[in-house]
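The values are calculated or read from the model by the stated rules, or taken from the named source; none is laboratory data. Just so we're clear, the structure is a prediction, and the values are computed from it rather than from any experiment. Neighbour counts run over all protein chains shown; Cβ positions are idealised from the backbone, glycine included.
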There are 2 protein chains.
Amino acid sequence: MDMIKPGSTIGILGGGQLGRMIALAAAPLGYKCHIYCPEANSPAFQVADSYTVAAYEDEAALEAFAKSVDVVTYEFENVPAKTAEVIGEHALLRPGATALATAQDRLVEKTFLSDHGLAVAPFKAFESLEELELAVAEIGMPAVAKTRCFGYDGKGQAIIRSQSDIEEAHAAMGGAPAILEGFVPFNKEVSAIVARNPQGSVAAYPIAENVHTNHILDVTTVPANIDGVIEDTARIMGAKLADALDYIGVITVEMFIIEDSGEVIVNEFAPRVHNSGHWSIEGARTSQFEQHVRAICGLPLGDPRNIGTVRMKNLLGEDINDVEQYLKDPKAHYHHYGKSEPREGRKMGHVTWVDAE
Amino acid sequence: MDMIKPGSTIGILGGGQLGRMIALAAAPLGYKCHIYCPEANSPAFQVADSYTVAAYEDEAALEAFAKSVDVVTYEFENVPAKTAEVIGEHALLRPGATALATAQDRLVEKTFLSDHGLAVAPFKAFESLEELELAVAEIGMPAVAKTRCFGYDGKGQAIIRSQSDIEEAHAAMGGAPAILEGFVPFNKEVSAIVARNPQGSVAAYPIAENVHTNHILDVTTVPANIDGVIEDTARIMGAKLADALDYIGVITVEMFIIEDSGEVIVNEFAPRVHNSGHWSIEGARTSQFEQHVRAICGLPLGDPRNIGTVRMKNLLGEDINDVEQYLKDPKAHYHHYGKSEPREGRKMGHVTWVDAE
């Protein structure tokens, strides 16, 4: 099977912390990384062999980039379809264009999930105010209106609790195609992180339990405080999705758990390594970043099991400056993403505590 | 106290695997690295923010380099004194010039060790054949002749087992000042790796047991299979040396153990991270590379304890290509240094097994 050998070069679209941590995991395996990102001074440039600063629409730059590397991956799911197409003409793109296209449109995503037997909240597409009213009548309230594309960290979303919210929610979509989703009375938010290589091997990480604050991930805990049957169900659902997409790389599936009924509902998936998997750097036998590199290079996958109880906390804005406090804690592993401006709410780093080391 | 904050830049003299692994450990703490190395395409360049290709005698390049960074460290003990001096005029050099000067000359080194109550093999300096003959008469045979400067991996050394070896041993020194050392009837070779920060905090790693093949480190095991009193003695000797040198950074002290007598004899020390500490990347709570960065930046030191039983094996030459074998082993962590030519005997990477993870 096609193994991309150590010594080869991995191209990464996107130069943020995820690209940076992929590059840091690729190096010990002997891979060089070439980062492609429109922003100068991107954090990933600091640890990469080479980089290109160019727009994702710059086809000449994309072509030169693709030709200079042995495989291309990405750190964000909103890679434009045309960008993926240009890359795909000159290099292996992993994960492939299907995963990207499916993840980028909530309607396509939910339809795909539901067609493959993976439970999702009731949903209905809308554009006009009239269509939204019909959708609310069908799905009931509370419900959430979301733009089909380009939403993240709670942006492009509006909750509808009563008839009087409908008009505002419609306006919040800004005229973009959207879907209405039924509210899931969940107890827990978790994520299933799964790797799949071109040979079809799958490695599923222990389920991670996530707590969000202001729509941004705050804390992840592993193992999740859930029933063993639910744990297995969620992991198997993640593996099933990876297979259904004929996926190569690490995929993250965000899920809601309804403990009373034992139901596991897929919220959405990201065709990439994920913030809720950062715990794995010190907390798992193989980190999600090394696992992603192994998968896209066609190498055997590593052991995804956790090492005891692990907790990861994001450091937003000025929180990054509490460096001494974390370094003094013998169980804490401090991570700084190399960003210079600690703007409020910006993901600047994270800390992982491994208790059972 | 002077803390060099995350976001600052660390300058590293030398672009081999040690510089590379320092850079890989500096990044998660938020430091950028600038590598200075005379060889183009050095392995460390692949993971560093910036690099300079220039000779160690190029004073203008050294000055520009030193001025562009917040602290300078190095991956090899043979940094020329003049290089250290030029760097020291424009930047903090850590570890400092005393540690370098002491480590570079076996006569100065042994004298320093012995003056500070650290046991060494009997030694005597010589230059002429006559002086060597007198030294042999005093120290006895077998004995080892070693050039005072620039020896490593067994180079510049000759064993004297009988009178007839003396002339050849003298010739092997190539006219350079040398010392004769008495043979130590040791059972085990170990290393004590110790970190010390500017505040005077010291963290001593568990003693590592080393097996050499053809004068090159082959396997390191932690914990060493030695008596607890010897373990403590060796660690305390390492800490004592770090204090005596007013050392900042990670220092490695190679020692011989004579189990019958319980004696611990210092062979030599290296003012840097060391091959016999690579086990700590996955096998200790804080790796020697992160520890070195913490120390030279004036940060609190990390917990040096091992996580269960750890074994590190060097991958020389073509051994580096057994990648699938190692990646299939769930307890193995494969490291490739990014060197392109797997020449025979060249250190290309290493593998670490952590059993008790």
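Could you please give the count of residues in region B:47-62 that are more than 8 Å from every other protein chain (Cβ to nearest Cβ) and either hydroxyl-bearing (Ser, Thr, Tyr) or closer than 19 Å to B:Gly7 by Cα (or both)?
Of the residues in that region, 4 qualify.
Among the numbered conditions (1) of a type outside the set (S, T, N, Q); (2) more than 21 Å from B:Cys33 (Cα to Cα); (3) touching a residue at least 24 places away in the same chain (Cβ under 8 Å), tell me where B:Tyr74 comes up short.
For B:Tyr74, the exception is condition (2).
Say we look at region B:287-341 and pick out the residues that are at the interface with chain A (Cβ under 9 Å from one of its Cβ atoms), farther than 22 Å from A:Gly30 by Cα and buried (at least 19 other Cβ atoms within 10 Å of the Cβ); which of these is nearest to the chain's Cα centre (by Cα)?
Residue satisfying both the conditions and the ranking: B:Arg294.
Based on this model, can you work out whether B:Ala27 counts as facing chain A (nearest Cβ under 8 Å) and over 20 Å from B:Gly96 (Cα atoms)?
So B:Ala27 passes the test.
Could you tell me which residue of region A:184-225 is modelled with the lowest pLDDT, considering only residues that are more than 29 Å from A:Met348 (Cα to Cα) and out of contact with any strand residue (DSSP E or B) (no Cβ under 6 Å at 6 or more places or on another chain)?
A:Pro185
Scan (1) away from chain A (no Cβ under 11 Å); (2) not charged (D, E, K, R); (3) not in a strand (DSSP E or B) for the single condition B:Ala44 breaks and write down its number.
(1)
Out of everything in region B:15-33 that is over 17 Å from B:Glu282 (Cα atoms) and not basic (Lys, Arg), what residue ends up being surrounded by the fewest Cβ atoms within 10 Å (Cβ to Cβ)?
B:Gly16
Could you list, in sequence order, the residues of region B:108-118 that are crowded, with 16+ Cβ neighbours inside 10 Å and either among the hydrophobic types (A, V, I, L, M, F, W, C) or modelled with pLDDT under 95 (or both)?
Answer for region B:108-118, where residues must be crowded, with 16+ Cβ neighbours inside 10 Å and either among the hydrophobic types (A, V, I, L, M, F, W, C) or modelled with pLDDT under 95 (or both): B:Phe112, B:Leu113, B:Leu118.
So which residues in region A:156-210 are farther than 22 Å from A:Pro122 by Cβ, part of a loop (DSSP other than H, G, I, E, B) and touching a residue at least 60 places away in the same chain (Cβ under 8 Å), if there are any at all?
Those that are farther than 22 Å from A:Pro122 by Cβ, part of a loop (DSSP other than H, G, I, E, B) and touching a residue at least 60 places away in the same chain (Cβ under 8 Å): A:Asn197, A:Pro198, A:Gln199, A:Ser201, A:Tyr205, A:Pro206.
Is it the case, given these coordinates, that B:Tyr56 is of a type in the set (Phe, Trp, Tyr), within 17 Å of A:Asp49 (Cα to Cα) and in contact with a helix residue (DSSP H, G or I) (Cβ under 6 Å, 6 or more places away or on another chain)?
So B:Tyr56 fails the test.
Out of curiosity, is B:Glu39 surrounded by fewer than 24 Cβ atoms within 10 Å (Cβ to Cβ), free of Cβ contacts under 8 Å to residues at least 40 places away in the same chain, outside any strand (DSSP E or B) and not β-branched (Val, Ile, Thr)?
Considered against the rule, which asks whether it is surrounded by fewer than 24 Cβ atoms within 10 Å (Cβ to Cβ), free of Cβ contacts under 8 Å to residues at least 40 places away in the same chain, outside any strand (DSSP E or B) and not β-branched (Val, Ile, Thr), B:Glu39 comes out as yes.
Residue-by-condition table, conditions (1) within 26 Å of A:Thr252 (Cα to Cα); (2) touching a residue at least 60 places away in the same chain (Cβ under 8 Å); (3) in contact with a helix residue (DSSP H, G or I) (Cβ under 6 Å, 6 or more places away or on another chain); (4) of a type in the set (Lys, Arg):
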residue	(1), (2), (3), (4)
A:Ala64	no, no, no, no
A:Ser68	no, no, no, no
A:Leu93	yes, no, yes, no
A:Arg106	yes, yes, no, yes
A:Asp115	yes, no, no, no
A:Glu127	no, no, no, no
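Do we have B:Asp243 as more than 13 Å from B:Asn275 (Cα to Cα), touching a residue at least 40 places away in the same chain (Cβ under 8 Å) and not in a loop (DSSP other than H, G, I, E, B) here?
So B:Asp243 passes the test.
Please work out if A:His292 is assigned by TED's automatic domain parsing to the domain that holds A:Tyr247, in a strand (DSSP E or B) and not hydroxyl-bearing (Ser, Thr, Tyr).
Answer is no for this residue.
On the given criteria, is B:Val211 surrounded by 14 or more Cβ atoms within 10 Å (Cβ to Cβ) and not charged (D, E, K, R)?
no
Hey, can you tell me all the residues within region B:6-24 that are more than 27 Å from A:Lys347 (Cα to Cα) and within 13 Å of chain A (Cβ to nearest Cβ)?
Result: B:Gly15, B:Gln17, B:Gly19.
Tell me yes or no: at least one residue of region B:326-342 is closer than 20 Å to B:Asn225 by Cβ and either free of Cβ contacts under 8 Å to residues at least 60 places away in the same chain or in a loop (DSSP other than H, G, I, E, B) (or both).
Yes - at least one qualifying residue is present in region B:326-342.
Just give me the residues in region A:157-177 being under 15 Å from A:Ser128 (Cα atoms) and touching a Lys or Arg at 6+ places or on another chain (Cβ under 6 Å), in sequence order.
Of everything in region A:157-177, just one residue is under 15 Å from A:Ser128 (Cα atoms) and touching a Lys or Arg at 6+ places or on another chain (Cβ under 6 Å), namely A:Pro177.
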